[in-house]
Structures are given as C-alpha cells and as structure tokens.
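Written below as structure tokens is the structure these notes are about.
The values are calculated or read from the model by the stated rules, or taken from the named source; none is laboratory data. The structure presented is a predicted model; accordingly, all values stated were derived computationally and were not measured. In this analysis, Cβ positions are derived from the backbone assuming ideal geometry, glycine residues included, and neighbour counts consider all displayed protein chains.
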Amino acid sequence: MVEASKINNYGASFKRSPIFYIITRIVVLFFIIIIIFPLLYTLSLSVRSPETVYSARYFLIPYEFSFENYIDAFVNAEQKLKVSFPRMFLNSAVVTSLSVTLIISMSIFAAFAFSHLRFPLKESLYNVMIASVAMPAQVLLIPLFYILIYLGIINTYQAVILAYAGFLIPIGILILRMFYEQIPYELTEAGTVDGASDFQLLMKVLLPLAKPAIATCVILLFLDTWNEFIYAMIFMQDPTIHTVPVGLAKIGTSRYQVNIGTYSASVMITIIPVMIIFAVFQRWFIAGMTMGALKH
Amino acid sequence: MIYKTFQFRTLLYLLPAVFIFLTFNVIPGLTSLVLSFFDFTGFETNLFRKFVGFDNFIKIYEDKYFWIALKNTFLFVFGAVFIQTGIALILSIFIFFGNFKFSVLVRSIIFFPCVLAPVSVGLVWKKILEQDGVLNSILGLDYSWLSSISLVMWLIIMVNTWQWIGYNLVIYYAGLQSMNIELLEASDIDGANWSQKIFSIVIPLLWPTTILNMILNLIGGFRAFDIVYVLTRGGPAHYSEVLASYLYYYSFSAGGHNKMGVGASVAFVIFACILTIAIARIIVSKRIERR
C-alpha cells in the first residue's frame, strides 16, 4: 500500500519525542472513547432485559441480555406510528434509490453540456448552481410545499424525490463537470477526428472514465437523501410513507413516552444497517466525502 | 469544446436537469423572498392575496425569540467554525504524525458518526443527557442538562461537533497527505522540536485546508435543524431555537395559527446571511489572488 508507507514516512519526523508520543496517545484515546461510548451505550441499553434496563456493570455491560426490546420496538412502531420498521426502510430505499438515479442520470448529461458544449449564459447558470449549494434547505421549504400541493403530489414519494432532485442536482453537476474537464483534451479530440458524435463521445469516452466521479456522487447523494429529515417530514405526512429518520424522530420525541429499552432498540435498528454498509464500503465513504468537500 | 458555436442539440443534454433545478430550487427560492411580504396561514389557495409590506419583518424584529434564534444560530456557527475545526486540526495532526499502528482504524471510528442520520445521533445523545441518563450516573450529578437555558446551546454544539468532527478530520487528512515533507526533514536537521514543527510548519501549511473546513462548517452551521429538533425542539421555552427551527415553528407547527409569511421572512434572513457570506468570500479570495 502506497498510502501506508507514506504515513510512516511522515511520522518519522516525530518519532524521537516521547512527550509527543504520550500526548497523542492520551488525546486520541480520549476522542475514541468519546466517539464510541454513546453508540455502545445505546447498544447496551437495547440488549438489556426490561427488568435490568436501568443498571449495568461499568455503565455498559448488561446484567441480563435480551432481545425483547427489539421485538417491542417493532411492535411499538407498528401500533403507535401505523408504519412498521420494514416499511420505513422500504420507503427510504425507494426515495433514496429513485432520487439518486434521477439526479445522476440528469447530471451526467447536463455536466457534459457544461464541460464540452457551448450555450448562452453558461457560466451565470453555473454560478447560480454553486451559490445554491450553500443555501440551507429550509429556505425553500414553504414555496416548495405549495408547489407540491399545486402539482397534486404532496404526500407521495414523488414529492420528496423531486424536491431532493432540485436541491441536490447542482452537487452532481459540479462534481461531474470538474471530472469531465480533467479528462485530457486529446481523448475527446481523437474521438471527434474519428467522426464520433457528441453523444458517442460522452457514452464511449467520458462515462467509462468517469466511474470514480459517479461513485463519489452516489455516496454523497445516498447519504444526503437517506438521512434527510425536514423535507421528508413535511412533504410526506402520511404515516405509511414515512422514511426512517421521520419515523424514528416520531418514536423518539413523541408525547407518549416509550420505555428506554424500546427507544434504544429503535435507534439501533436505524444505526446497525448503516454500520454494516459503512464497514463494507468505508474506504469509499471516506474517499467520496473528501472528494465531495474539495469541490468547494 | 467540441463545437465552436451553440448547437440546438445542447439543450437536450441540459434541459431535464435545468428544468428540475429551476422548478424545485431557483423558483421556490425566489418565491420565498417574495412571500415574506405577504400574510398567509397555509390554508389559502392564493398566497399573494394579502400584501403586508414589511409587517412580517417588523413582527420578527419585535419578537424576542427571533433574536434568541439569531444569536443561537451565530453561536452554533461559531462553534462549528472555530471549535470543531480546531479540534479536528489537532486531532488530525496527532493521528497523522503519531505513528499509530491502527491509524486507518482510528480514522474510520472517528469518521463513522458522519454517515449516521442527525436524527439518530440526536436521539442517542438525548437519552444520555436526560436527567436519569448515563452522564449524570457517571458524574454523580442529578442535573437536567437539556433544560438549562445557559447550557443547552453548548450541548447542541457539542453533539454536532461529535457527529461532524470526522468529516473535517478526513479533509485535513487529504491536506496532510499532499503536504511537502521536505520542510519537515529540513527542520529536523535544524533541530526543531515537535511543537515547533507543528506550530511553525504543519499548521501554516494546512491553512488552505483550514479555510476549506471553516467554510464547510459555516455552511453546515446555518443548515442545522434536525439535531435541534430531536434534542430539544427549540426548548426550553424557545431558548435553543435556531433560525431554521424558528422558521419551522412559525410555518408548520403552530397548529392552525401558522404564520407562514413570518416563516418566509425568516427564510429571507437566512438567505441574506448566506449571501453576505458568499459575497465576503468572493471578495476575500479576490484579494488573496491579487497579492
């Protein structure tokens, strides 16, 4: 691994100072504990039996293990929210996959127009897109609500999918345009000389090379749409189409208090799948989010 | 450029994306600005019927909770820009130069909360901070953390930092990996100690990355809503309201007495803040270029 050898090389300059060695160990250990403890604690609460839920060895190790809380969490969601956890995950999956697909398929073409074709007002439009990336989603909330009512799609998947598409399309276009422009000019020129049309150039030359950029987009958009809360809450108020964050927020902040075990199990049900996906694709996630940030 | 002139077919590539972008982003954004001069509650069909001039703005100007929300938003942004970036800077340098055996694992652990929904993170912390929560058991206290007017905003900032520090960390990592190592080697020959190396070489070299992180956190700071909503819902008594949650409260949760015009004028304020920052950023970056 190139990366690993590089890290050792950098650290070499700091190897001879014991104080630095000790301070780094203490500080980093401290932060690791701070990061892990809340998650482990919630996990611990969720696997305690209802009788021992308020006590544990060293705050973390349950006296009595039990998965009863998870069963309660599923039942509680179904009875009180009128939407089961599997249904919430299905709703989130539908919304996420459709919005990401829609955004990426449109960005692939639009970014090509921005990078390789000429049209009037190109840079002005691009600047508006860059500016819109910085705008908080809440600014659009009220007018979007009425546009979606007017279109008659409020309380459907389409409402949120279109809202996400409008809000996130600039991110897809920004990343893909930057990537297309990094592809050596000679490649597209060679294609034009061979008589390829613009469409063929995009499909046969640029897209195969743009796979990493598309992967970056997929990761960023997946996280943004899967975790999104305020649009999903307001544009899909019908309980049966609640997404995971909306359903969870309702369980966690409802007036009818759920008991702490059920509460923690509900939170863990939303965290564990993300944890598994992250464990498998962590390098992609980190690389994707870093690349996404550098676009600014 | 493939073509020297504008071709009609270019529109085919462009139109779907631009249409969606305009309909669901630019037009609502501009409408929001216009709507802040109208009074509507969310039950009319014609929103533009009752023009009230600056009444909505006067209303929020006179509302003490608006000023609390504004102050809290700036406090939150301050926390994200300075505290969060600062901790991430130190932490990334320590992990990067610390010769850790499992540095990749350490980085992944600290990064992990970034991929979680803010709602899940907020709920995890809510139980910890409650009066019968584990924080009080550890500290041996009996304190209702989230009901404290003076502490609640700092706790929200802390939870937000907890979630997003790994994001700044991996961006710093990218900056550190592209750093010129020869300067460090040269300073070794000159006999610089570790703190001199960090403060006189590494941190100055990381300055562009620091600026990037600060800008990202600044933008993210104005966006914060989910975490406030699940942790406190703006409470106690609106003392942890930020602009976004204040907007939500007026427009959607006042139960039949929604004042969406007021909400729109809050959106106007957020818009103005972001625009000011964007313009300032352009001016600053132009000045740096001129040097």
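Out of the helices (runs of 4 or more DSSP H) lying entirely within the stretch B:76-160, which hold 2 or more residues that are hydroxyl-bearing (Ser, Thr, Tyr) and more than 23 Å from B:Tyr173 (Cα to Cα)?
none
Going through the stretch B:23-57 one residue at a time, which ones are more than 7 Å from chain A (Cβ to nearest Cβ) and closer than 13 Å to A:Pro143 by Cβ?
Passing the criteria: B:Ile27, B:Leu30, B:Leu33, B:Val34, B:Ser36, B:Phe38, B:Phe40, B:Gly42, B:Phe48.
Could you please find all residues in the stretch B:91-109 being under 27 Å from the mean Cα position of the chain (by Cα), at the interface with chain A (Cβ under 7 Å from one of its Cβ atoms) and not aromatic (Phe, Trp, Tyr)?
Correct list: B:Leu91, B:Ile95, B:Val106, B:Ser108, B:Ile109.
Check off (1) in the same structural domain as A:Trp226 (by TED's automatic domain parsing); (2) surrounded by fewer than 16 Cβ atoms within 10 Å (Cβ to Cβ) for A:Leu60 and give me the number that stays unchecked.
If we test A:Leu60 against (1) in the same structural domain as A:Trp226 (by TED's automatic domain parsing); (2) surrounded by fewer than 16 Cβ atoms within 10 Å (Cβ to Cβ), just (1) comes out false.
Take A:Phe199 and tell me if it is at pLDDT 90 or above and in a helix (DSSP H, G or I).
No: the conditions fail for A:Phe199.
Give the residues of the stretch A:75-116 that are without any contact (Cβ under 8 Å) to a residue 12 or more places away in the chain and either in a helix (DSSP H, G or I) or buried (at least 18 other Cβ atoms within 10 Å of the Cβ) (or both), sorted by residue number.
A:Val75, A:Glu78, A:Gln79, A:Pro86, A:Leu90, A:Ala93, A:Ser97, A:Thr101, A:Ser105, A:Ala113
Among the residues of the stretch A:52-68, is any under 30 Å from B:Lys4 (Cα atoms) and small (Gly, Ala, Ser)?
no
Could you look through the stretch A:149-165, keep only residues that are in contact (Cβ under 8 Å) with a residue 60 or more places away in the chain and at the interface with chain B (Cβ under 9 Å from one of its Cβ atoms), and pick out the one that is farthest from A:Ala196 (Cα to Cα)?
Per the criteria, the residue is A:Ala163.
Could you list, in sequence order, all residues of the stretch A:175-186 that are out of contact with any His (no Cβ under 9 Å at 6 or more places or on another chain) and within 12 Å of chain B (Cβ to nearest Cβ)?
Matches in the stretch A:175-186: A:Leu176, A:Arg177, A:Tyr185.
Return yes or no: is B:Ser144 without any contact (Cβ under 8 Å) to a residue 60 or more places away in the chain and more than 13 Å from chain A (Cβ to nearest Cβ)?
yes
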